[in-house]
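**Student:** I am attaching a structure below and will ask some questions about it afterwards.
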Amino acid sequence: MNILDNIRKTAEKTGSQLAFHSRDGSITYHELWEQSGRLAAWLNDHADKDRRPVPVYGHKSPLMLVCFLACTRSGRAYCPLDINMPPERINEIIQTVGNRFILATRPLMTDQAEVVGPDEIRRILQCDVQIEETASNKPEDVHYIIFTSGSTGKPKGVRITTGNLNAYLDWSRTLVGNKSGVFLNQAPFSFDLSVMDLYTGLATGSAIYAADGDLQQDVPKLMSYLKKGSLQYWVSTPSFADVCLSDPSFNSDSFPSLESFLFCGETLTKRTAGNLAKRFPDAEIINTYGPTECTVCVTSVRITDELMADDRPLPIGRAKPGTEFYIMKEDGTFAGVGEPGELIITGDTVSPGYFRNPEKTAEVFVEIEPNGENEKIYAYKTGDSGYMEADGMLYYTGRIDHQIKLHGYRIELGDIESNLLKISEITGTAVIPEKNEDGIVKYLAAFVVPSAESGMTDCYANRKKIRTELKKMIPSYMVPKKICFINEMPLTANGKINRKRLEELL
């Protein structure tokens, strides 16, 4: 499919159809197409001719969609930046992207680029000019770049091409029967889970009904808002569903139109699935899996009574068409049926690599020879462990490195550790995930070794100081809930930090 053609055709046939709604406003398909064309024309007249990626800053505003689509129509990738990101990280990403412009749908202060703010964007949208459509947006062109946590303290920009996205949408829209409806948008646009609802919704001529971050902090107000949306397709992390389940009114009586729950971003537990099945007995519950580097998700499975009765955790599903999984054991050979190992993904939605980061790209984007016949296949090493059954059903068993999922966000513990060490009073640190009985990360704990000259001791004021400093460098969801002071780091015989010992101290 061609996502631009789909949106254009919807705008031409049913232009008055709602495309997106949030507390910041609404936009129809006709308005989305017209306004994005005007902004695309402005980009072609004013932005760099080499069509560098364009950072787009804001939250759940219709203007964000206009900016995304304008970038695409002008042959440029866009890079979504959310208001919950700390200024240091925003500036770091803007500097990495290297565009002299940033489109900001909310007020933004930065010295890294010229800010085209919300008032200026609205002025441009009033201009009676449209882009002359070109063939510049080819399958190999980068469609968007989403920055994820990096182990060195620097975020990594995952490049997703238009070909990757279109191949993903060929499949993702089948998850809802290729029907139009109303999609919930829970995730910020800087989190690739949002691609599932945003683009699957636009590809099917649907409406996207967005819940902003402030609203998600007030469950009764959130419920009141969502009930007005006539939602049919619920797209979120399982953790967000758990938050909603805390409200007794979250049931099929209050949400009679809900047909499907689509989950991604973290492990779906039987407890969450079971509670949803009781509240929404007629709705499908679909579990999916996939890293940002492979375009949102690449597997799916409908949760059945049979799967719920199985002694094992819920599976992550079977690979979509165009995707294949291989399980690689520690010795570099490929695992057989039921044997555990690292999940390796190949196929039409695998990213071409990280933006301006050839070293990290070479580490995880590799060529494999699964058939032993010198036929090399481009693949992504996920760092996730799991196994595959004979029928292709996949089971996820955890991370093989120090990268974890917390509330749907992928976090490299090394990213937090690197930023903790930027605090002058700290000389050593290790971040440990505390998990519940289902193996789900509940919170993060940071063990820190203060320098002798700092005089820093374990007290509330110092713990607060560390968190405050850390929030200036990384998103709030990455800041450890618990700060533990120790005199020295326990080490293994190999001289590495003894993380198991630190887990015992929690």
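**Student:** Determine whether the stretch 367-379 contains at least one residue that is open to solvent by 60 Å² or more (accessible area, probe 1.4 Å) and hydroxyl-bearing (Ser, Thr, Tyr). Before you say what the answer is, go through the steps one by one.
**Tutor:** Residues of the stretch 367-379 that are open to solvent by 60 Å² or more (accessible area, probe 1.4 Å), as a first pass: 367, 369, 371-376, 378.
Imposing the further condition that a residue be hydroxyl-bearing (Ser, Thr, Tyr) reduces the set to 378.
Yes, that holds for at least one residue.
**Student:** Looking only at the stretch 4-31, which residues are in contact with a helix residue (DSSP H, G or I) (Cβ under 6 Å, 6 or more places away or on another chain) and either open to solvent by less than 60 Å² (accessible area, probe 1.4 Å) or in contact (Cβ under 8 Å) with a residue 40 or more places away in the chain (or both)?
**Tutor:** Within the stretch 4-31, Asn6, Ile7, Thr10, Ala11, Gly15, Gln17, Ala19, Phe20, Gly25, Ile27, Tyr29 meet the criteria.
**Student:** Do we have Tyr387 as of a type in the set (Ser, Thr, Tyr) and buried (at least 17 other Cβ atoms within 10 Å of the Cβ) here? Walk me through how you get there before you give the answer.
**Tutor:** Numbers: of a type in the set (Ser, Thr, Tyr): yes; buried (at least 17 other Cβ atoms within 10 Å of the Cβ): yes.
Yes.
**Student:** Return only the number of the condition from (1) within 25 Å of the chain's Cα centre (by Cα); (2) touching a residue at least 40 places away in the same chain (Cβ under 8 Å); (3) open to solvent by 20 Å² or more (accessible area, probe 1.4 Å) that Asp48 does not satisfy.
**Tutor:** Of the numbered conditions (1) within 25 Å of the chain's Cα centre (by Cα); (2) touching a residue at least 40 places away in the same chain (Cβ under 8 Å); (3) open to solvent by 20 Å² or more (accessible area, probe 1.4 Å), the odd one out for Asp48 is (1).
**Student:** Any idea which residue in the stretch 431-440 is nearest to Pro480 (Cα to Cα), counting only those that are in contact (Cβ under 8 Å) with a residue 60 or more places away in the chain and not in a loop (DSSP other than H, G, I, E, B)?
**Tutor:** Ile432
**Student:** Which residue pairs have Cβ atoms closer than 6 Å, lie 6 or more positions apart in sequence or on different chains, and pair a first residue in the stretch 108-135 that is without any contact (Cβ under 8 Å) to a residue 60 or more places away in the chain and of a type outside the set (Val, Ile, Thr) with a second residue that is in a helix (DSSP H, G or I) and buried (at least 18 other Cβ atoms within 10 Å of the Cβ)?
**Tutor:** Gln112/Ile94; Ala113/Ile94
**Student:** Which residues, counting only those in the stretch 265-291, are modelled with pLDDT of 95 or more and within 27 Å of Ser351 (Cβ to Cβ)?
**Tutor:** Within the stretch 265-291, Ile286, Asn287, Thr288, Tyr289, Gly290, Pro291 meet the criteria.
**Student:** How do the helices (runs of 4 or more DSSP H) wholly within the stretch 57-131 filter down when requiring 2 or more residues that are surrounded by fewer than 18 Cβ atoms within 10 Å (Cβ to Cβ): which remain?
**Tutor:** 87-97, 118-125
**Student:** Test Thr457 against the criterion of being part of a strand (DSSP E or B), open to solvent by 40 Å² or more (accessible area, probe 1.4 Å), over 27 Å from Asp214 (Cβ atoms) and not basic (Lys, Arg), and give yes or no.
**Tutor:** Taking the combined requirement at face value, the residue does not satisfy it.
**Student:** I'm checking my understanding of the structure. Among residues of the stretch 318-343 that are modelled with pLDDT of 95 or more and β-branched (Val, Ile, Thr), which one is most open to solvent (accessible area, probe 1.4 Å)?
**Tutor:** Selected residue: Val337.
**Student:** Just to be sure before I move on: is Tyr443 within 23 Å of Cys297 (Cβ to Cβ), open to solvent by less than 60 Å² (accessible area, probe 1.4 Å) and in a strand (DSSP E or B) in the structure I sent?
**Tutor:** Here the answer is no, as Tyr443 does not meet what is asked.
**Student:** Mind listing just one residue for me: the one in the stretch 404-430 that is under 24 Å from Gly213 (Cβ atoms), of a type outside the set (A, V, I, L, M) and not in a helix (DSSP H, G or I) and, of those, most open to solvent (accessible area, probe 1.4 Å)?
**Tutor:** His407
**Student:** Applying the selection to the stretch 74-101, what residues are farther than 15 Å from Lys156 by Cβ and touching a Leu at 6+ places or on another chain (Cβ under 7 Å)?
**Tutor:** Hits for the stretch 74-101 are Ser74, Arg76, Ile90.
**Student:** Check the stretch 344-356 and report whether any residue there is open to solvent by 70 Å² or more (accessible area, probe 1.4 Å), under 22 Å from Asn84 (Cβ atoms) and basic (Lys, Arg).
**Tutor:** no
The values are calculated or read from the model by the stated rules, or taken from the named source; none is laboratory data. What you are looking at is a predicted structure, and each value in this text was computed from that prediction instead of being measured. Quick reminder, even Gly has a Cβ in these numbers, built from the backbone with ideal geometry, and neighbours come from all protein chains shown. Heads up: the accessible areas ignore ligands, DNA and RNA and are worked out on the full protein's heavy atoms, side chains in. Shrake-Rupley method; radii C 1.70, N 1.55, O 1.52, S 1.80 Å.
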